[in-house]
1. Could you do me a favour and compute the accessible area per residue for the stretch 249-504, 1.4 Å probe, result in Å²?
2. Return the whole-Å distance between the Cα centroid of the stretch 239-270 and the Cα centroid of the stretch 384-434.
3. Can you give the accessible area of MET301, probe radius 1.4 Å, in Å² rounded to 10?
4. Compute the signed sum of charges (Lys and Arg +1, Asp and Glu -1) over the other residues within less than 15 Å, Cβ to Cβ, of ARG287.
5. Packing-wise, with mean Cβ within 10 Å as the measure, how do 104-116, 419-431 rank, highest first?
6. Assuming a viscosity of 0.692 mPa s and a temperature of 37 °C, what translational diffusion coefficient in µm² per second does Stokes-Einstein assign to the stretch 2-224, Rh being the Kirkwood radius over Cα pairs?
7. Just need the relative contact order of the stretch 249-504 here, percent rounded to a whole number, with Cα pairs under 8 Å and 6+ apart.
8. Residue by residue, what Karplus-based ³J(HN,Hα) values in Hz, rounded to whole numbers, does the stretch 231-239 have, using 6.51, -1.76 and 1.60 with θ = phi - 60° and x for Gly and Pro?
Amino acid sequence: MRILTAAQLRALDQATIRAEKITSGELMERAAKAFTKAFTRHFPDPERPVVVVCGTGNNGGDGLVVARRLKSRNYKVSVIQANIGTRSADNQDNFKRLKGQGIEVRQLTQGDPWPAIAPEAVVVDALFGTGLGRPVAGYWAELIDYLNALPNFRVAVDLPSGLSSDGPQEGPCVHADLTLCLGLPKLALFAPANTQLLGNWELVTFPLADPDRLHPEVGGGPAYQATLNDASELGGLLKKRYANDHKGTFGHAFLVAGAFGTMGAAVIAGRAVLRAGAGLLTCHIPRSGYEIMQISFPEAMCKVDTHRYHSTEIGDLGAYDSIGIGPGIGQEALTVEAVRSVLSRYERPMVIDADAINIIAAHPELLKLIPKNSLLTPHPKEFARLFGETEHDFARWQVQREVAKRNGLVIVLKTGFTSIATPGGELYFNPTGNPGMGTAGTGDALTGVLTGLLAQGYDPVTAARLGVYLHGLAGDLAAEELSQEFLLAEDVVSHLGQAYRKLRE
Ligand SMILES: NC(=O)C1=CN([C@@H]2O[C@H](COP(=O)(O)OP(=O)(O)OC[C@H]3O[C@@H](n4cnc5c(N)ncnc54)[C@H](OP(=O)(O)O)[C@@H]3O)[C@@H](O)[C@H]2O)[C@@H](O)CC1
Ligand SMILES: [K+]
């Protein structure tokens with residue numbers, strides 16, 4: 001699913017109107033109908049009052065339609081009409097259509113005292129959406145502050161009013177508890193900095209023209225800013241397994257992980273390699289980790305380093321279909337040389353994580369040794385160490401894209417909505433995962449999953465998209481069963497089976 005800019009979304013609306021021979025009012029009706037359906041799912045009790053705060057653009061127009069539709073379902077709904085500017089045509093029409101419906105409408109004009117809102121009411125925020133042209137200021141900014149200070153539950157129509165859809169946040173913004181985003185996702189939904197403003201968000205879909213078919217009109221195509229991975233597409237990318245396949249078919253993965261005190265990272269990552277479906281796994285570990293590995297994970301073969309505590313000399317790499325390197329390896333001088341040697345000798349895409357990333361950050365000349373199309377999986381701090389600090393999320397995505405393209409790498413930036421930048425210049429966002437996965441070892445599990453997918457012959461971009469999705473989905477399924485608080489990395493790994501099953505459905 002494409003992620004469009006506000007301008008592209010406007011063009012897509014027009015393209016939909018032309019292609020389907022509908023009016024803009026009918027499109028607004030579609031959007032508001034879908035919103036109302038989602039809203040009543042969240043708030044099934046029609047006795048709970050709903051106050052829709054509407055602006056004068058089409059976001060406000062949506063709010064007016066929502067009010068009318070909720071009223072027809074017997075909700076106790078009223079409208080606060082903020083007279084911000086000139087009404088859009090569809091706003092005007094829908095304002096007229098409110099007459100005679102028995103909906104209380106309170107007008108709010110600059111300078112008016114703030115309207116009283118009962119604390120139990122759900123506030124529907126329809127002041128501004130994607131048409132925000134500048135930071136909100138003056139009286140309307142104070143209205144946003146007023147709404148934010150209320151104890152009420154706030155539901156944003158499309159976006160929290162005041163949120164910049166395509167760039168860093170400027171100016172005041174409604175703090176939504178729930179955002180029901182209309183049609184297609186906007187980049188702002190994925191920015192970690194916006195988490196508090198958006199609350200939980202959901203996409204509310206309704207029929208819109210396909211932006212890929214209409215991209216000349218929408219100004220998109222390669223210029224679309226990003227794509228949200230969805231199950232329907234990813235499910236189709238899973239490889240089939242055939243009766244005569246055997247462990248050789250599914251690849252032999254090699255993992256360089258663990259050191260004295262961090263052998264858990266090797267165990268978790270190793271399990272994930274095989275649970276993701278690789279046929280064979282060899283782990284390179286320091287001598288002191290040998291018993292730990294063999295006892296806790298008998299399915300793995302071990303190659304033991306000459307050093308007791310660290311990996312220092314890594315032998316022949318020719319036999320392996322994929323390599324994962326980094327979890328728990330530390331940054332000892334001899335380990336740095338071992339990483340350098342692996343990077344310079346292996347010629348296929350590999351997975352580079354954790355300490356291997358920190359080693360590369362400390363020795364930038366290593367970046368050039370990384371085999372083309374390899375996967376780098378930094379979290380934001382590691383990303384900053386590698387590629388420098390950025391001012392905001394949007395700038396970081398830009399850098400992520402540039403460095404992926406320039407270096408021919410797949411860069412997996414691990415955030416709430418992990419982003420994947422490809423050598424081809426695309427940016428994908430992942431929708432699965434939950435805060436319960438912010439616990440030790442889940443990153444090691446991801447390294448394992450990605451290494452396991454590469455071993456099975458998935459191309460690196462598909463491996464990244466699938467691996468991040470499956471890992472997050474396994475975490476979601478585990479959290480559903482066990483709670484987010486309880487979650488351990490091994491629960492994520494042990495739910496990979498269910499995640500595969502669900503994705504195949
Ligand atoms: N396909 C879909 O998803 C569909 C989406 N739809 C909906 O349309 C929404 C976009 O509607 P929109 O373009 O009319 O813009 P909207 O956000 O209502 O604001 C514009 C108004 O605000 C004003 N204004 C702007 N900034 C301001 C400021 N800082 N301070 C004060 N005023 C400011 C601006 O005035 P102006 O800048 O012209 O002075 C204008 O009056 C979108 O979010 C979705 O809800 C559906 O209806 C159809 C299908
Ligand atoms: K809004």
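The values are calculated or read from the model by the stated rules, or taken from the named source; none is laboratory data. What you see is a predicted model; the values in this text were computed from it and never measured. Heads up, the Cβs are rebuilt from the backbone with ideal geometry, glycines too, and the neighbour counts pull from every protein chain shown. Just so you know, the surface numbers come from the protein's heavy atoms only, side chains and all, with ligands and any DNA or RNA stripped out. Shrake-Rupley method; radii C 1.70, N 1.55, O 1.52, S 1.80 Å.
1. It amounts to 38 Å² per residue over the stretch 249-504.
2. If you average the Cα positions of each part, the centres end up 26 Å apart.
3. 80
4. Residues near ARG287 contribute -2 overall.
5. 419-431, 104-116
6. Roughly 188 µm²/s, to the nearest whole number.
7. 20
8. 4, 5, 6, 5, x, x, 8, 5, 6
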